[in-house]
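Below is one structure, written out as structure tokens; comments come after it.
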Amino acid sequence: MRSVKVIVSFVFTLSLLSFPSSGFQSDELLVDDEEFGLEGSPQPRSPEPIPTRSPPVTAPTRKRHSDLDSDSKIQFSLEHAFGDSDFSPAGTFSARLKTWSHGGQTLTKLRFSRNSFTDEDKEKFKNLLESDDFYRIRIPSNVLSPPGRDFVISSVKARCLPREGLDEHFVIHMEGVNVLAVNYGSPGSCPYPRNLKLPAKWSFSSHTVLKNSEQAPRAPVFTEEILGGENAEGEVVQPPERSFWAKYWMYLIPLGLIVMNAITQAMNMPEEQATGQGQPSAGAVQRGPSSAAQIGRESVNVFFPVNGSYLVWPRPLNTEINLCIKILELKYFVGSRISEVKL
Amino acid sequence: MPITYAFLLFLIFSSLQPILSLYEDQVGLTDWHQQYIGKVKQAVFHTHKTGRKRVVVSTEDNVIATLDLRRGEIFWRHVLGHNDVVDGIVIALGKYVITLSSEGSILRAWNLPDGQMVWESSLHGPKHSKSLLVMTNVVIEKDNVVIIFSNDRLHAVSCIDGEVLWNKDFEVESLEVQKVIQPPGSNFVYVVGFAASSHFEMYQINARNGELLKHESAAFSGGFSGEVSLVSSETLVALDSTGLILLRISFHKGNVSIQQTPISNLVEDSPGPAVIIPSSIMELFAIKINAVTIFIRVTGTGKLEVVEKANHETAVGDALSISEGQQAFGLVQHAGRDIHLTVKLAHDWGGDLLKESIIMDQQRGLIHKVFINNYVRTDGSYGFRALIVMEDHSLLLLQQGTIVWSREDGLASIIDVTTSELPVERAGVSVAKVELNLFEWLKGHMLKLKGTLMLASPEDIAAIQYMRLKSSEKSKMTRDHNGFRKLLIALTRAGKLFALHTGDGRIVWSLLLQSLHKSEACQHPIGLNLCPWQVPHHHALDENPSVLVVGRCGPSSDAPGVISFVDSYTGKELSSSSLVHSVAQVIPLPYTDSTEQRLHLLIDADKHAHLYPKTPEAIGIFRREFSNIYWYSVEDDNGIIKGYALKSKCDGNVADKFCFGTRELWSIVLPSESEKIVATVTRKLNEAVHTQAKLIAADQDVMYKYISRNLLFVATVAPKASGEIGSVTPEESWLVVYLIDTVTGFVLHRVTHHGSQGPVEAVFSENWVVYHYFNLRAHRYEMSVIEIYDQSRADNKDVWKLVVGKHNLTSPISSYSRSEVVTKSQSYFFTHSLKAIAVTSTAKGITSKQLLIGTIGDQVLALDKRFLDPRRSVNPTQAEREEGTIPLTDSLPIIPQSYITHNLRVEGLRGIITVPAELESTTLVFAHGLDLFFTHFAPSRTYDSLTEDFSCALLLITIVVLVAAIFVTWVLSQRKELQDKWR
């Protein structure tokens, strides 16, 4: 047992050593897996932002895969504008272009290096902050042949960016090598009214996310299942046997009431006393539904006779909101549905 | 077995569906249906038989219909397809209507009495050309022959069975055939036309076998232009290419000769080029120079002489043979408020057969077409009736100096609809016109009581039903408590506004807009939008509400715009103006000024925003909200969506303080090689959302709906797949849908449907969007739903935060906060293809929603939104079932009772409009196409009002009887008690 562990750890270290620089490995593997996952499976995923500090260390280009899919490194630039000024270069995106065997091309391993603000830029940005104006960015709509058909522009109110430093968040929507749109903004909320706040330090903290299109869920198809279910054995699954009480309580309670009523009547008759009729029956009513519904949960039960059966609305009251909403929903549920129920 | 359960459950739930259908006696109580045919292109009378007199018409909306000449009702009507334009109609054998349609490639015969199709044949030819349909009196083997020139080929078709007897091609390249003429009593036809625009070609062809008898051609260096007029069976008149020289072309006995006459010889002061009004009247034709119509006679010797110059607007009808060798034609001229109908003999200009003057409603505009028909009067002389088509597309029959009937066929082409409230009932407003007197009122109630107590005789029941249908309540001209009575204001393609009463669909007023009237400055005016301009309530109740009509002069988006303001109550044009800028987009802003006028931004083609109304107050309001106003544009053709903010000044040197420049904030560039925009949908601006939260019963959780007014749904398909369904394989077609925030340009959601293609119809409401498309893999239509939930507010569920007040429910929501949305989606198969889709809207948004689907069969189907719930699962848990979740099925059910149009069809359905009534349960639905249909619709039945047949009288009687019984028993018991005590 121990030897196995030793061997495993040995193999592990060996595998680690076999890569020239292990410092970046875990990060890249993650990114890579993500991309594979995206290509292969249709299920949606929540993209993890890849935080990069500016100025980031430029990653040495390495070739890890020697299979059919060929990689090449590409770069495209980010340009920014302060208010209505012209666009000027503000940073560079670098990414791997992965060419798939089926001909498609996708970007992976997006990195972003931002140029730091010059004094002039800082001055402009301060002006933007004061006038609550827009800070605009653009990237080419085609990363292979920039700018493609047009630039993809996005903008944010400058007052949304400053936190500790300047926090920005890019979500780049891609389709192959085309950039459809870029969502640019602050990573968190930017409540209105926006307050003037100057950043403590003038360095950008950038988060970038690449997003590709998700596959839509297919319409469910039932035909085979129905056929299979019918043909398999013709086996009829019996509904779980219910207790006698559960089955017939609706008859038993009135019966009990009548019996009790009769007994009271019978007891009272000889003495000619007309009092004490209501109490036993009230007790029976109380006992009936609570034993039928789940005990221990506070619930609102609403009974509607529908063809002799009951619709039950157990509504546990966890929070006040729930209660409000439930009452509202109930109101309109009762309003809208009761009338429908009468058939 | 679970499937059986699921199926049973499904059955139960589907049986819990509200019964939307209605009883027989409820038809027509709240709904009305009007049938139209559109602007008439051609009319053929059928009056020879002693039976019902009728007229067969074809219209610009591709309708073939026969109308009753006595009342103007439709006997039968066929709506041909969208691209099946009718080229010509004739009546053959006295019992068939033969129509040529679809650019001359489909010939159909319809049975005249009942409109059943008798035969159909398709005609093919080498290339596209003008289509002509000529009825001949040639008989081949007891078969009448109709001759068609279409697709550059001459066909002879049997009238009996549609068999093509012969066809004939013409060798000459670029031959433009103008006329096919059969001289009366002959066995041949002339086919005449122009080749290479400078040669006149004449072919004489044997009508029995298609044999070419003669081919002559003549060159004319000046070239030909425009239409031709036939002045005899062997002579026609044309114009040269400059429009200054009249050409009389004679091909008598196959010898072609061209005689030139400069127009200046005939008319001294002829200022410009002329246009021929195409006609075929013996020895007479008409030309138009500017606005002057000139009638010119061609004498037997070939001399031309002017017989009349008409300065008024004139319409000329075709010739009508009244007796051997005699032809009459109709002429209608405007003279102020009147129109003059004249019927003249072709060879005798002076002798009028008929001269009538009729007062014409000014709102009908000019006369566009006239068709005349003759009949024999009781005294044996000839009488004439005329069918006229007006500028507003209405159709009128004139006979004996009066308008016998009129049809408002402009309503067949509604562009935009809005609603307006009616005046509040008060002392000054007259409603007496529809009020009943006391006796009638009492009688009605007595009848009703009898009906309730089942004492009514069949006649009484009929009277009660008549009373219900004609109830004065529903057609009053005042506002009602439930908000059912409204004015539907519709803008039609002809530039006319109609106000329809929702109670019975009658036209309250109509107005031919002067701003959308054809004029020198504005050659091709078209209406674009109709917006409620002023909706007075609270402090401005004295003002009448008004609507804003936006149009432009010409089809291109940079043509100058026109606007006009119309009073909704009186139908008077308050003011109108032609704008200096163009109109590309109209944006109603959510702000109103002190007189309740809504602020509107008109965006021009240069992306400048113009603020209306142009008042200092409006600009004050606008300046306050200036930084929060954003707008976006969708450029369908190159696949770019852009968002803008406003600049405080116009860019150019225009010193217009109501003009604002725009700055581009964001753009989304869709790759042109893989995506093409096919549909964009936003939420309705005035939609009410009742609750922001949705309870998920399954896990006792609350989800917040992402309710943003700034969401845009965009659907794109592969450019290849934008054609017909089936033109591409599933592998090369896809559908991508986007949800875009229009303030920041954030793509909130993007999803691809592989193997799917358009056409896409979508509807957006609250936090969900439903869209319809075709799935090529499954070979079926599909409907998908996306529901959007806001995750960033999910932590508001903590009750303590709510109590302490640390929740952020009341803080303003900024689009610039990064929104974390969660979407849930699901697709279902759907049987029909759609023409339109809408959703019910109610006053407070409490009532559950139903989708209104305009099916391919021109009906409106209501489908509960619960069927399109993304959270449906195969085996819903107990909690889900209680919530009303329907077990998952692969396709959406079509419940026959839920057609809200019941057995009616809204032919050519184009749009469905829903308007909330005051009563929360009810929404008003107006469907328009060729036909109009209006009804009240209660998605969850009318839970907040008593049903219409509820008898208050019975209730009162019951209460009175009960109270009386209580008193009687009380007295009795008192007496008994007393007796007991005495005992």
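The values are calculated or read from the model by the stated rules, or taken from the named source; none is laboratory data. Bear in mind the structure is a predicted one, so any value in this text is a computation, not a measurement. All Cβ positions, glycine included, derive from the backbone under ideal geometry; neighbour counts span all protein chains shown.
Values as computed for the structure displayed
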quantity: Residue count for the range B:787-808, restricted to those that are away from every other protein chain (no Cβ under 12 Å), at pLDDT below 65 and buried (at least 16 other Cβ atoms within 10 Å of the Cβ); calculated: 0
quantity: Entirely in the range B:305-423, the strands (runs of 3 or more DSSP E) that have 3 or more residues that are modelled with pLDDT of 85 or more; calculated: B:326-335, B:338-345, B:348-359, B:367-376, B:382-390, B:395-399, B:402-407, B:414-421
quantity: Test: residue in the range A:114-123 that is of a type in the set (Val, Ile, Thr) and at pLDDT 85 or above; calculated: yes
quantity: Pair list, Cβ < 6 Å and 6+ apart or interchain, from the range B:513-525 residues that are over 20 Å from residue B:361 (Cβ atoms) to residues that are of a type in the set (D, E, K, R) and surrounded by 11 or more Cβ atoms within 10 Å (Cβ to Cβ); calculated: none
quantity: Tally of residues being under 21 Å from residue A:118 (Cα atoms), buried (at least 20 other Cβ atoms within 10 Å of the Cβ) and over 23 Å from the mean Cα position of the chain (by Cα) across the range A:175-214; calculated: 1
quantity: Residue within the range B:540-563 that is acidic (Asp, Glu) and closer than 20 Å to residue B:592 by Cβ present; calculated: yes
quantity: Conditions (1) closer than 21 Å to residue B:180 by Cβ; (2) touching a strand residue (DSSP E or B) at 6+ places or on another chain (Cβ under 7 Å); (3) surrounded by fewer than 19 Cβ atoms within 10 Å (Cβ to Cβ); number of the one not met by residue B:252; calculated: (2)
quantity: Unique residue being within 14 Å of chain A (Cβ to nearest Cβ) and buried (at least 18 other Cβ atoms within 10 Å of the Cβ) when the list is B:641, B:603; calculated: B:641
quantity: Residue match in the range B:899-906 (condition: within 12 Å of another protein chain (Cβ to nearest Cβ) and part of a loop (DSSP other than H, G, I, E, B)); calculated: no
quantity: Where residue B:170 falls short, out of the listed (1) in contact (Cβ under 8 Å) with a residue 40 or more places away in the chain; (2) among the aromatic types (Phe, Trp, Tyr); (3) closer than 30 Å to residue B:253 by Cβ; calculated: (1)
quantity: Matching residues in the range B:71-92 - criterion: being in contact (Cβ under 8 Å) with a residue 60 or more places away in the chain and surrounded by fewer than 13 Cβ atoms within 10 Å (Cβ to Cβ); calculated: B:71
quantity: When residues of the range B:657-684 are limited to those that are among the hydroxyl-bearing types (Ser, Thr, Tyr), touching a strand residue (DSSP E or B) at 6+ places or on another chain (Cβ under 7 Å) and facing chain A (nearest Cβ under 8 Å), the one nearest to residue B:825 (Cα to Cα); calculated: B:674
quantity: Flag if residue B:784 is facing chain A (nearest Cβ under 9 Å) and either at pLDDT below 80 or part of a loop (DSSP other than H, G, I, E, B) (or both); calculated: no
quantity: Members of the range B:450-497 that are among the small types (Gly, Ala, Ser) and part of a helix (DSSP H, G or I); calculated: B:451, B:462, B:463
quantity: Subset tally (residues that are without any contact (Cβ under 8 Å) to a residue 40 or more places away in the chain and under 22 Å from residue B:124 (Cβ atoms)) for the range B:176-194; calculated: 1
quantity: Filter result (closer than 14 Å to residue B:667 by Cα and acidic (Asp, Glu)) within the range B:718-746; calculated: B:741
quantity: Only listed residue being in a strand (DSSP E or B) and either at the interface with chain B (Cβ under 7 Å from one of its Cβ atoms) or at pLDDT below 85 (or both), chosen from A:195, A:183; calculated: A:183
quantity: Selection within the range A:111-153 - within 14 Å of residue A:74 (Cβ to Cβ), of a type outside the set (Gly, Ala, Ser) and surrounded by 20 or more Cβ atoms within 10 Å (Cβ to Cβ); calculated: A:112, A:139, A:140, A:143
quantity: Any hit, the range B:861-882, residues being outside any loop (DSSP other than H, G, I, E, B), away from chain A (no Cβ under 14 Å) and at negative phi; calculated: yes
quantity: Among (1) closer than 24 Å to residue B:664 by Cβ; (2) away from every other protein chain (no Cβ under 11 Å) - the single one residue A:156 does not satisfy; calculated: (2)
quantity: Test: residue in the range B:816-835 that is more than 8 Å from chain A (Cβ to nearest Cβ), in contact with a strand residue (DSSP E or B) (Cβ under 8 Å, 6 or more places away or on another chain) and at pLDDT below 80; calculated: yes
quantity: Subset of the range B:145-184 that is within 39 Å of the chain's Cα centre (by Cα) and of a type in the set (S, T, N, Q) - its residue that is surrounded by the most Cβ atoms within 10 Å (Cβ to Cβ); calculated: B:150
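Okay, residues lined up against (1) over 23 Å from residue A:214 (Cβ atoms); (2) in contact with a strand residue (DSSP E or B) (Cβ under 6 Å, 6 or more places away or on another chain); (3) within 11 Å of chain A (Cβ to nearest Cβ); (4) small (Gly, Ala, Ser):
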residue	(1), (2), (3), (4)
B:686	yes, no, no, no
B:724	yes, no, no, no
B:735	no, yes, yes, no
B:744	no, no, yes, no
B:760	no, yes, no, no
